[in-house]
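For reference, the structure is listed below as structure tokens.
The values are calculated or read from the model by the stated rules, or taken from the named source; none is laboratory data. What you are looking at is a predicted structure, and each value in this text was computed from that prediction instead of being measured. So basically every Cβ, Gly included, is an ideal-geometry build from the backbone, and we count neighbours across all protein chains shown.
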Amino acid sequence: MSIFRKLSWFFKEEKKHYLLGVFALVVVAIVQLVPPKVIGIIIDKIAADEINLQEIFAWIGLLLLAAIAQYVFRFIWRTNIWGSAARLERSLRRQLFHHFTQMDHLFYQKYRTGDLMAHATNDLSAIQNVAGAGILTFADSMITGGMTLIAMMIFVDWRLTLIALIPLPLLAVASRVLGSKLHDAFRDSQEAFSSINDKAQESITGMKVLKTFGQEQEDIAEFTEKVQQAIQKNRRVNFLDALFDPVITLIIGLSYVLTIIVGGQFIMNDIITIGQLVSFVSYIGMLIWPMFAIGRLFNVLERGNASYDRVSELLGEKTHIVEAFNARKEPAKGNIMLDLASFTYPDADTTALEEIQISLKEGTVLGIVGKTGAGKTTLLKLLMREYDHYEGTILFGGHNIKDYTLDALLQSMGYVPQDHFLFSMSIRDNIRFANPQLPQERVNQAAELAGIHSDIEAFSQGYDTLVGERGVSLSGGQKQRISIARALITNPELLILDDALSAVDAKTEEVILSNLKAYRQNKTTIIAAHRLSSVMHAQEIIVLDEGRIVERGVHETLITTGGWYQKMWEKQQLEAKIEGGEE
């Protein structure tokens, strides 16, 4: 029953609806007592030969009225109780999705996508069942069962009622034992479902790689193994769940046996009539639902309790990126200065960045180069406040970036990541994603700057072309350029290109860089790249190696120093000549 306590905040919000629903259940429970009593009266009158046709029709009319009343009040409790349950699911779903949007990278490193999807689907459905089926079975079993017992004592005999209830304590014992085991079993079942979600999501995302390496059968075997594990977990849940019904059937059977034995003796001793015994047996039949409801109730509550614990654990996660009290709300603008003593990723043993000093004047271009794993992307992540636990300071416009609200800081930045992501919508909506109301002229302008406008115009549906999930219908270069256009659409104070030109050819790269130079004369740009031609026109270029700045300067100086930059430049120039067919 602890799940009811955990959801007490919601029950207080929906108090009126639940009270109305429970009231309707009470009325239904009272009306349900009429038919067995009427049947008992009719049988006694028939046995005594004291009934006529007119009286029979009167009793039938009363039964019809009882049926109509049950219909009306059942409609009332359904709309109020099930409606409230739907509102709980909506509330939790909003909370969970909002929570996802507030979490940082550490959160998404800890939880896999499939696991988060399982929380947002199966777990929320199980919690909704508590507020719907759980409340219904709890209230209905208590009300119907209580009313039926009272009727059995008043209309028949209190002694016979007590004798018929002798087996009931067995139900409480069985429910307690099976309920605790069912809670643990269902939690294991939900975790197994999360594992299946993880695997399915990973396999679908990496389908091209699976097919390329011919690993379909191996992947199917691994997926089948996870499904089999989930089946085994669910079998235990179903086994424990299935034990409730036989236990209840046995208890009801014992009640029937005691009723027939003792009730028969009561008739022989003229304590009750045959009609009263028939009514009593009907009332015992009415107790079957409350008995089964109790078994179902423990199932629903334990499932909901396990799911609520999982969702609460997720909602209890805190982001490590916390806005300062009275943080600056005006957009960040101005010079950028980085003075980093060191930065280490959580749970990592080696330092990712060390002794980084950079001064970037507004309107200039900074190039960041270095071999893979040198720390280029890490530096950009710190600038965008994906991590805050570093030693040193980062200033934007003379203010520490930690003193800005996240909206004020990030709205001043346009970011094109290495793993460009496009949404399953039209090209137009992908480009103007930051502001869906922007006119087509602005979309065209951003696309032209990114060198993708002519490509889009060549599509049969132009800007209305649907890109497919994650942009599967586009080439790598097209996806990169659309991502650049999306970053340019807001004309950000700081544009960050993280190896964002790697999939375009040298000619297209030159066009894009020329457009950016002309369009962003008073805006700051940071370009991290492996291809040195992407940064050769920057006002300053820094070379990173193992998280340290090992070279810095302009292109003309760096190609004469004999360092990594010169060697890489000569290598890339040679590769370009070979590709161009030159000797």
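May I ask you to say which residue of Leu495, Leu501 is hydrophobic (A, V, I, L, M, F, W, C), part of a loop (DSSP other than H, G, I, E, B) and buried (at least 17 other Cβ atoms within 10 Å of the Cβ)? From the options Leu495, Leu501, the qualifying one is Leu501. Evaluation of Phe75 against the conditions (1) in contact with a His (Cβ under 7 Å, 6 or more places away or on another chain); (2) within 30 Å of Ala24 (Cα to Cα); (3) of a type outside the set (D, E, K, R) shows that the sole unmet condition is (1).
Let's see how each residue does on (1) among the β-branched types (Val, Ile, Thr); (2) in contact with a helix residue (DSSP H, G or I) (Cβ under 9 Å, 6 or more places away or on another chain); (3) under 23 Å from Phe459 (Cα atoms); (4) free of Cβ contacts under 8 Å to residues at least 60 places away in the same chain:
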{"site": "Ile482", "(1), (2), (3), (4)": "yes, yes, yes, no"}
{"site": "Ala485", "(1), (2), (3), (4)": "no, yes, yes, yes"}
{"site": "Leu513", "(1), (2), (3), (4)": "no, yes, no, yes"}
{"site": "Tyr519", "(1), (2), (3), (4)": "no, yes, no, no"}
{"site": "Thr525", "(1), (2), (3), (4)": "yes, yes, no, no"}
{"site": "Leu532", "(1), (2), (3), (4)": "no, yes, no, no"}
{"site": "His537", "(1), (2), (3), (4)": "no, yes, no, no"}
{"site": "Val543", "(1), (2), (3), (4)": "yes, yes, no, no"}
{"site": "Glu546", "(1), (2), (3), (4)": "no, no, no, no"}
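Within region 526-574, take every residue that is of a type in the set (Asp, Glu) and more than 47 Å from the chain's Cα centre (by Cα) and give me the one that is farthest from Asp339 (Cα to Cα). Per the criteria, the residue is Glu570. Among the numbered conditions (1) outside any loop (DSSP other than H, G, I, E, B); (2) polar (S, T, N, Q); (3) out of contact with any strand residue (DSSP E or B) (no Cβ under 6 Å at 6 or more places or on another chain), the only one that Thr393 does not meet is (3).
Looking only at region 208-230, which residues are of a type in the set (A, V, I, L, M) and loosely packed, with under 13 Cβ neighbours inside 10 Å?
Val209, Ile220, Ala221
Results for (1) surrounded by fewer than 21 Cβ atoms within 10 Å (Cβ to Cβ); (2) more than 20 Å from Lys15 (Cα to Cα); (3) of a type in the set (Phe, Trp, Tyr), shown as yes or no for each residue.
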| position | (1), (2), (3) |
| --- | --- |
| Phe75 | yes, no, yes |
| Arg94 | yes, yes, no |
| His99 | yes, yes, no |
| Tyr108 | yes, yes, yes |
| Tyr111 | yes, yes, yes |
| Ala118 | no, yes, no |
| Asn122 | yes, yes, no |
| Gln128 | no, no, no |
| Leu136 | no, no, no |
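List the strands (runs of 3 or more DSSP E) inside region 330-382, counting only whole elements, that have at least 1 residues being surrounded by fewer than 15 Cβ atoms within 10 Å (Cβ to Cβ). Before the answer, list the steps.
Details: elements: 336-343, 353-360, 365-369.
Correct list: 336-343, 353-360.
Going through (1) surrounded by fewer than 16 Cβ atoms within 10 Å (Cβ to Cβ); (2) in contact (Cβ under 8 Å) with a residue 12 or more places away in the chain one by one, Asp419 falls short only on (2). Scanning region 545-580 for residues that are surrounded by 14 or more Cβ atoms within 10 Å (Cβ to Cβ) and either outside the structural domain of Leu360 (by TED's automatic domain parsing) or in a loop (DSSP other than H, G, I, E, B) (or both) yields Glu546, Gly547, Val554, Ile559, Gly563.
Which residues, taken from region 525-544, are of a type outside the set (D, E, K, R) and outside any strand (DSSP E or B)? Reasoning before the result, please.
Of all residues in region 525-544, those of a type outside the set (D, E, K, R) come to 525-530, 532-539, 541-544.
The answer is Ala529, His530, Leu532, Ser533, Ser534, Val535, Met536, His537, Ala538, Gln539.
Just give me the residues in region 396-412 being within 28 Å of the chain's Cα centre (by Cα) and outside any helix (DSSP H, G or I), in sequence order.
Quick first cut of region 396-412, residues within 28 Å of the chain's Cα centre (by Cα) only: 405-411.
Thr405, Gln411 - these are the residues of region 396-412 that are within 28 Å of the chain's Cα centre (by Cα) and outside any helix (DSSP H, G or I).
When Arg78, Arg93 are checked against the criterion of being of a type in the set (Lys, Arg), modelled with pLDDT of 85 or more and not assigned by TED's automatic domain parsing to the domain that holds Arg310, a single residue qualifies: Arg78.
Select from region 194-207 the residues that are of a type in the set (Ser, Thr, Tyr) and surrounded by 14 or more Cβ atoms within 10 Å (Cβ to Cβ) and write down the one among them that is farthest from Arg112 (Cα to Cα).
Looking only at region 194-207, we keep the residues that are of a type in the set (Ser, Thr, Tyr), and these are 194-195, 203, 205.
When the remaining residues are screened for being surrounded by 14 or more Cβ atoms within 10 Å (Cβ to Cβ), the result is 194-195, 203.
On the way: Ser194: 9, Ser195: 9, Ser203: 13 Å.
Going through the qualifying residues, I end up with Ser203.
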